[in-house]
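Report on the structure given below.
All of the numbers you see were taken from the coordinates with simple rules; none came from a lab. In this text, all values refer to a predicted model and were calculated from it rather than measured experimentally. Using ideal geometry, Cβ is built from the backbone for each residue, glycine included, and neighbour counts are taken over all protein chains shown.
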Amino acid sequence: MKNRKGQLLLGVIAMLVVLAIVVPAMVKYIQNEVKWSEKQAQNSNAFQLAEGAVDRAYQKLVESTSTWKAVKDGLPLAGFNFDAVYSDLPGGTYTISISSGPDLEQATILAVGRDKQSREARALKVVYANAAISQNAIRSLQGVSLSGSNEQVEWGSVLAPGSIDSNNRNHPQFYSASSIIGKDTSASPPNTDSVQWWSYYPGIPQASSIDIDAYRSSATLDGTYYGSSQTWGSGPGSKCDNAVKCNTGKTYFIEGDLTVKSNGIYVGGNLIITGNLNLPNGRSGQGSPTIKMPRTAWKQYGNDWDYYKDGGPACGESWNDTTPSLPDDFPGINDSYRSDENITMTVTSGKAITNGFIYVGGNITTGGGAGQSIFVGAAYVVGTVTLGSNNICFFYTDEAAKQILTTDVRLTRQSWLDSRQTWPAWLP
């Protein structure tokens with residue numbers, strides 16, 4: 001009997017010892033769990049405040065074309081330069097910085113949210129791009145056909161909601177909301193190699209409206225406005241018939257069609273045509289501009305990397321990316337590589353027809369045979385682009401894209417990342 005009582009006593013003591021160890025541990029765990037839950041809630045709240053800050057910054061960016069231009073020009077925006085604290089959302093405060101870049105027609109938002117109770121901060125870094133403009137050598141609102149031989153589009157992409165006939169070219173990048181002839185062989189969208197071509201691509205941004213009235217007013221003031229269809233390049237004395245006459249940097253505005261004759265023209269500035277652009281069977285360019293290669297031109301050559309490294313040539317013109325960090329193999333379209341900012345190319349053939357932004361309210365068509373034309377800049381075409389002639393090349397430049405005036409701003413998100421940005425020390 002005594003042994004049984006002794007055993008029970010030992011069991012009770014052992015249980016008390018276990019409880020003495022376990023209960024404090026459980027209490028500590030529950031206390032920590034409450035703290036962890038609170039911390040997680042505060043962390044999530046700070047993150048949500050940062051998301052709200054991004055939304056506010058986005059609304060600021062699309063507020064007006066003047067706001068977007070100010071950001072592109074590197075001008076600080078009051079209230080969006082880590083110079084204000086916003087408290088319009090429950091649970092805390094946030095602050096915002098908006099800056100230009102990292103590339104042309106892009107803006108970077110740094111948004112920091114801070115929880116009211118713990119003052120814990122979370123930050124987001126978001127990059128938006130003006131997709132209506134960004135690095136498009138040719139943007140058509142209908143379709144594009146590159147069916148001629150020795151036709152090349154360099155340094156910029158081809159984008160259209162309609163079908164694109166790539167003639168099985170390995171560059172540049174092609175984006176279509178329909179089909180890409182020569183690349184897309186499947187009937188089931190979406191189809192893409194995720195490097196060069198995107199067929200039935202749902203992400204094509206809606207085109208911004210070009211500010212035609214602004215260009216018309218500018219040309220009228222400069223005396224470069226033409227109120228009816230024009231025929232240029234028909235011989236000596238014709239309008240813009242050499243490399244000097246229209247190399248002014250001004251806007252040349254034509255109400256109606258422009259027909260180019262085979263002696264050719266050169267417009268060093270914006271060329272706005274409300275009707276069609278008709279190119280001849282023969283030489284249509286007279287210019288020899290020196291142009292700067294975009295630092296992200298390399299992204300167009302994922303399936304043609306050796307061609308890019310060799311500098312073409314395209315229509316007899318070559319470039320040379322001498323950047324020491326140029327990769328041996330294509331690094332991928334999301335890589336951070338940038339070529340040297342001072343790489344230039346001179347159009348030695350003297351066959352450039354434009355150097356600037358070109359707007360065509362109708363169609364671009366060629367007359368067949370040898371086109372002998374080099375477009376430098378960025379082309380926005382309301383109708384179709386049909387290049388059936390030989391030896392026609394487009395070279396995209398950032399300088400031309402900077403001249404594009406729109407009546408609205410349409411942005412697409414390029415990246416959305418957590419940031420290590422802390423709450424600015426100078427803010428309360």
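A few points about this structure:
- Top-ranked residue in the range 291-318 [being within 22 Å of Ala401 (Cβ to Cβ) and touching a His at 6+ places or on another chain (Cβ under 6 Å); ranked as surrounded by the fewest Cβ atoms within 10 Å (Cβ to Cβ)]: Tyr301
- Ser339 vs. criteria under 22 Å from the mean Cα position of the chain (by Cα) and either closer than 20 Å to Cys240 by Cβ or part of a strand (DSSP E or B) (or both): no
- If you filter the range 85-115 down to residues that are without any contact (Cβ under 8 Å) to a residue 60 or more places away in the chain and part of a loop (DSSP other than H, G, I, E, B), you find that the one that is surrounded by the fewest Cβ atoms within 10 Å (Cβ to Cβ) is Asp88.
- Search result, residues across the range 376-410 that are touching a helix residue (DSSP H, G or I) at 6+ places or on another chain (Cβ under 8 Å), crowded, with 18+ Cβ neighbours inside 10 Å and either among the acidic types (Asp, Glu) or assigned to a strand (DSSP E or B) (or both): Val376, Gly377, Ala378, Tyr396, Thr406
- Residues of the range 59-89 classified as out of contact with any helix residue (DSSP H, G or I) (no Cβ under 9 Å at 6 or more places or on another chain) and of a type outside the set (Asp, Glu), total: 14
Yes/no matrix, rows are residues, columns are (1) touching a residue at least 60 places away in the same chain (Cβ under 8 Å); (2) touching a Phe, Trp or Tyr at 6+ places or on another chain (Cβ under 8 Å); (3) basic (Lys, Arg):
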residue	(1), (2), (3)
Ile181	no, no, no
Thr185	no, no, no
Pro189	no, yes, no
Asp211	yes, no, no
Ala214	yes, no, no
Ser229	no, no, no
Ser234	no, no, no
Val267	yes, yes, no
Asn276	yes, no, no
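- The listed residue being touching a residue at least 24 places away in the same chain (Cβ under 8 Å), assigned to a strand (DSSP E or B), small (Gly, Ala, Ser) and under 30 Å from Asp115 (Cα atoms), out of Ser373, Ser415: Ser415
- Within the range 399-428, the set of residues being among the hydrophobic types (A, V, I, L, M, F, W, C) and under 27 Å from Leu49 (Cβ atoms) comprises Val409, Leu411, Trp416, Leu417, Trp423, Ala425, Trp426, Leu427.
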